[in-house]
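Read the structure below first, then the notes.
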Amino acid sequence: MLIIDSHQDLAWNMLAYGRDYTRSVMETRQIEAGTSTPKRNGDSIIGWPEYQRGNVAVVFSTLYATPAKRMESFDTIVYRDSETAHRLYRDQIDLYRRLTDSHPDKFRLITSTPELDSIIEHWSTPVQNGTGHPVGLIQLMEGADGIRSPHELPEWWDMGLRMIGLAWAGTRYCGGTSEPGPLTDEGRELISAMADFNFILDLSHMDEAAAYESLDRYEGPVMATHANCAAVVRDPDTNRHLPDDVIRGLIERDGVIGVVPFNTFLKAGWKRVSGSRREEVTLGDVIAHIDHICQLAGNSLHAGIGSDFDGGFGLQSIPPELDSIADLPLIATKLIERGYTETDAENILGGNWLRFMRRSLPS
Ligand SMILES: [Zn+2]
């Protein structure tokens, strides 16, 4: 059973914390022991050896920078204007290029269906002694402030960008987390230009007003790389989770939603900084979100996993059954215990994203 994980901030971690994802989780934790990194971002839960153990074949890897209006004292990758955001995102594109050029045995960029299929084929063939499989990276922009104008979309496309989320906090394109609002005129113009390329639109972090409008308006593929169900977590303090009507809209558009195994998104009020304990949340809470999507859909074809691991949280903030990305297959075990079939579990762990990407990427 192969896993496709629809959200990881790899470049941001490499730049902000100097993390090297060719290393194992244990090596990274040892190197960072006694530094301020685990305090800020938690102990790392991602590493190439763990991708191998967990059968994580493909990752949607982000371009991410923090807007100055939302920066915390320790943030280092911060933008105040779209020029800076643009440069910071370009740096991350360059970083993925260097990573995949210098370690083609470990990481490869995916920009088309043949490249996707060659990674899947590699993972489906037994490894030669001592080697492993290359993890495929599909580049995703999280928060579109780095796109200065729709005229530069051809450049981003040529650099291998295939997915764009307009929001993180609100951007000049639309309302976002903690900043309610619809698409702006610039947002409408951007998504109309995105459709010409068939860019994939990520609704994660969009405020619901913007999400409904995008579902109506956007002509290309839509999905949510990392978002949980508002009806399950019931957290009145945030608009970060998807209302049922947005989930229904995504299902109607044949989208997929990557559920996030992050305790703060699983239990309202859970905060590491306030001393919440890992044991207050379980893997069962992750299953509840997946199950809610499957109940709304009436099938297992629209739920996926978008771990967001190392994306501002680590070991201390995930359900206690998990130690690293290598443990994601436990979600399949839990689903099957809950009455899901093996095929359902395969769909949810990777099959749904695989079909979605095969019909959305250029051939
Ligand atoms: Zn995010």
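The ranking of LEU328, LEU203 by Cβ neighbour count inside 10 Å, starting from the fewest, reads LEU328, LEU203.
Summing Cβ point charges (Lys, Arg +1; Asp, Glu -1) relative to the Cα centre of the chain gives a dipole of roughly 600 debye.
Sorting the segments 110-117, 319-326, 332-339 by their mean number of nearby beta carbons within 10 angstrom, highest to lowest, gives 319-326, 110-117, 332-339.
Ordering SER307, THR333, LEU354 by Cα displacement along the dipole of the range 273-363 toward the positive end leaves LEU354 in first place; charges were set at the Cβ atoms of Lys, Arg (+1) and Asp, Glu (-1). Mind checking which of THR282, LEU203, ASN228 is farthest towards the positive end of the range 203-343's charge dipole, using Cβ charges of +1 (Lys, Arg) and -1 (Asp, Glu) about the Cα centre? Highest projection toward the positive end goes to THR282.
Residues TRP123, TRP48 in ascending order of nearby Cβ atoms (within 10 Å, fewest first): TRP123, TRP48.
How do ASP244, ASP235 rank when sorted from fewest to most other Cβ atoms within 10 Å of their own Cβ?
On the way: ASP244 14, ASP235 18.
Fewest to most other Cβ atoms nearby, the residues stand as ASP244, ASP235.
In the range 83-156, with Lys and Arg counted as +1 and Asp and Glu as -1 at Cβ, which of these residues, ALA144, THR111, LEU99, has the Cα nearest the positive end of the dipole, that is, farthest along it? So the residue furthest toward the plus end is LEU99. Distance between the pseudo-spin-label points of ASN198 and VAL78 (7 Å out from Cα toward the beta carbon): 4.1 nm.
Compute, for the range 259-327, the length of the dipole vector about the Cα centre, with Cβ point charges of +1 (Lys, Arg) and -1 (Asp, Glu) only. Units Debye, rounded to 20.
Working: 5 positive and 9 negative charges, 56 e Å.
Here the range 259-327 has a charge dipole of around 260 debye.
A simple charge model with +1 on the Cβ of Lys and Arg, -1 on the Cβ of Asp and Glu and nothing else charged puts the dipole of the range 1-129 at about 320 debye relative to its Cα centre. Rounded, prolate or oblate: which one fits the chain, using the alpha carbon gyration tensor with axes a ≥ b ≥ c (rounded when a/c is under 1.5, else prolate when a/b beats b/c, else oblate)? Note, shape of the chain comes out rounded.
Coordinate-derived values only; no laboratory data. Everything quoted here is computed from the prediction, not taken from an experiment. Every residue, glycine among them, receives a Cβ derived from its backbone with ideal geometry; neighbour counts consider all protein chains shown.
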